[in-house]
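Q: Mind looking over this structure? Questions follow.
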Amino acid sequence: MTQDLPLLSVRRLGKSYGARTGCRDVSFDIHAGEVLAVVGESGSGKSTLLNVLSTQLAPTTGEIHYRMRDGVMRDVFALSDAERRFLLRTDWGFVHQDPAQGLRMTVSAGANVGERLMAVGQRHYGHIRHTAVDWLGRVEIDAGRIDDAPRSFSGGMRQRLQIARNLVTHPRLVFMDEPTGGLDVSVQARLLDLLRGLVADLGLSVVIVTHDLAVARLLSHRIMVMRHGTVIETGLTDQVLDDPREPYTQLLVSSVLQV
Amino acid sequence: MNAPTLTGYNFAYLDEQTKRMIRRAILKAIAIPGYQVPFASREMPMPYGWGTGGVQVTASVIGPQDVLKVIDQGSDDTTNAVSIRAFFARTAGVATTTATADATIIQTRHRIPEAPLTDGQILVYQVPIPEPLRFLEPRETETRTMHALEEYGLMHVKLYEDIARHGHIATTYAYPVRVAGRYLMDPSPTPKFDNPKMHMSPALQLFGAGREKRIYAVPPYTRVVSLDFEDHPFEVNRFDKPCALCGAHGVYLDEVVLDDRGGRMFVCSDTDHCGTRQEQGHRGDLSTPREGSAA
């Protein structure tokens, strides 16, 4: 029965900054293993939406329910601080556009990956290190770099390290904010390939915010197009991108450079 | 009573209202072992970093009948120790001592005396940075939340880094501890050698940080556990040789450079402990020959 319930259920979510609107009236469900892309131009409210979804901002209106590991749907803003923070570092992940925000730049790659494990009470150095080596391998970082600080890593490696750091506790839901932003095209392609593999292997649910329609096409099952803080079109990714209904979506799709 | 008490000052320098305020903070700190209680730290006639927090705590708990001992890195005769002892001798007129067993209040910077403390004694620590998570998490709001929610995984990240870099936990002082199974606490920059002495100590341990305006405490007979990993357990510093003056094993030693050709000796950092042992006839490798022995 619980499998029929969505993992995340968002109803009439809105966030305004005083008189200014960040996003409003956003509703959607995500089921386990589903990838939802949120696309739109700069200032369309994508990042505000992601920050509200990941409870880093309090919404002005609406509510978010999450299916906890025990199968019960709970209002994430009714959770206690302790429960919410625990959720954030175990069952959820957040991949920032700038890896420096999501990583601890002053500690080694191994400690970055191990931090969540230590946060949930693992106290065996050997096991933590073994898991860190395993995860570095999965994100294609040479195990020999485990004791190097992320500041000595390239942009692409930092982003992959950030992904490993988030996935080490086997979260069920990951939020990604322009994970390929700022990377060159070949590195982007490898990262997307890696992400696609991980998402499929682990059965992750992902909310990915991007302005790059190619990223949405490659990764997501469903897509949500935002403009001026509201959702103007939703649907299956292929359907929306191949046959856009709204004039704005048509404009967006047609502005992609064809090489 | 070794010096005439100064006139024009209240007993033990601080005014009574200030002492009340600090005593309240101390009581709260004792009630919540390891919790950092904010207090309105006063300007003291000494610079920050010289023990203004410890002096305020001592001034608030000291009475005319108390006997005060002050140590700095284990030593009774360094500038800091001598001046703080003189300060209380002149402002409170209390008796002072260098003998650990005779003291009722011991103010310390960076050491716990070697001689076991007893019921009724108070150990007052001078603390520079009370927050053990500070260098890992610079935001005070965040560290307070972490304490409130018992989120101490980050501290292990530091220990992990130590092992990854050095092969063992290389933190040798200010080694983090859990107090009474709850609060993470910085034991002030004492060597980790002294950490086991804090565990179930019969003495009351008070910590004062003047610049950071925090007081915390470990009540008598409280569990104090040093953090570690299952496969890298906590260990105290070990020394190859005994003290060069009194021959003591199992004590914390200071390195003293003897000349400019690499000569050095290791002697007890606790001068009172070393002196007492020498009076009892213990000798180390570099002690002057005993009177009456063969020249």
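Q: Could you check, for the stretch A:7-17, whether at least one of its residues is in a loop (DSSP other than H, G, I, E, B), buried (at least 18 other Cβ atoms within 10 Å of the Cβ) and modelled with pLDDT of 90 or more?
A: The answer is yes, given that some residue of the stretch A:7-17 is in a loop (DSSP other than H, G, I, E, B), buried (at least 18 other Cβ atoms within 10 Å of the Cβ) and modelled with pLDDT of 90 or more.
Q: Just need a number here: residues in the stretch A:118-134 that are touching a helix residue (DSSP H, G or I) at 6+ places or on another chain (Cβ under 6 Å), more than 8 Å from every other protein chain (Cβ to nearest Cβ) and either part of a helix (DSSP H, G or I) or aliphatic (A, V, I, L, M) (or both).
A: Number of matching residues: 2.
Q: Considering only residues that are open to solvent by 40 Å² or more (accessible area, probe 1.4 Å), in contact with a Leu (Cβ under 8 Å, 6 or more places away or on another chain) and in contact (Cβ under 8 Å) with a residue 12 or more places away in the chain, which ones fall in the stretch A:71-98?
A: A:Met73
Q: Could I ask something else about it? Answer yes or no as to whether B:Leu68 is part of a loop (DSSP other than H, G, I, E, B) and either of a type in the set (A, V, I, L, M, F, W, C) or more than 24 Å from B:Arg214 (Cβ to Cβ) (or both).
A: So B:Leu68 fails the test.
Q: Can you tell me which of (1) assigned to a loop (DSSP other than H, G, I, E, B); (2) open to solvent by 10 Å² or more (accessible area, probe 1.4 Å); (3) without any contact (Cβ under 8 Å) to a residue 60 or more places away in the chain is the one B:Phe266 doesn't meet?
A: The one condition B:Phe266 does not meet is (1).
Q: Looking only at the stretch B:1-51, how many residues end up being at pLDDT below 95 and within 19 Å of B:Pro187 (Cβ to Cβ)?
A: Here the count works out to 2.
Q: Mind checking which residues of the stretch B:152-180 are within 14 Å of another protein chain (Cβ to nearest Cβ), surrounded by fewer than 18 Cβ atoms within 10 Å (Cβ to Cβ) and either more than 22 Å from A:Arg129 (Cα to Cα) or in contact (Cβ under 8 Å) with a residue 24 or more places away in the chain (or both)?
A: Of everything in the stretch B:152-180, just one residue is within 14 Å of another protein chain (Cβ to nearest Cβ), surrounded by fewer than 18 Cβ atoms within 10 Å (Cβ to Cβ) and either more than 22 Å from A:Arg129 (Cα to Cα) or in contact (Cβ under 8 Å) with a residue 24 or more places away in the chain (or both), namely B:His168.
Q: I've got another one for you. In the stretch A:81-115, what residues are touching a Lys or Arg at 6+ places or on another chain (Cβ under 9 Å), closer than 21 Å to A:Arg67 by Cα and not β-branched (Val, Ile, Thr)?
A: Residues satisfying the conditions are A:Glu83, A:Arg89, A:Asp91, A:Trp92, A:Gly93.
Q: Shifting gears a bit: Of everything in the stretch A:135-153, what is among the charged types (D, E, K, R), closer than 17 Å to A:Gly102 by Cα and within 12 Å of chain B (Cβ to nearest Cβ)? Give them in sequence order.
A: Of everything in the stretch A:135-153, just one residue is among the charged types (D, E, K, R), closer than 17 Å to A:Gly102 by Cα and within 12 Å of chain B (Cβ to nearest Cβ), namely A:Asp148.
Q: Right, another one. Within the stretch A:179-192, is even one residue open to solvent by less than 10 Å² (accessible area, probe 1.4 Å) and within 14 Å of chain B (Cβ to nearest Cβ)?
A: No, every residue in the stretch A:179-192 fails to be open to solvent by less than 10 Å² (accessible area, probe 1.4 Å) and within 14 Å of chain B (Cβ to nearest Cβ).
The values are calculated or read from the model by the stated rules, or taken from the named source; none is laboratory data. All of these numbers come straight from a predicted model, not from anything done at the bench. When we count neighbours, we look across all protein chains shown, and the Cβ atoms used for this are built from the backbone with ideal geometry, even at glycine. Surface areas here come from the heavy atoms of the whole protein model, side chains and all, with no ligands, DNA or RNA. Shrake-Rupley method; radii C 1.70, N 1.55, O 1.52, S 1.80 Å.
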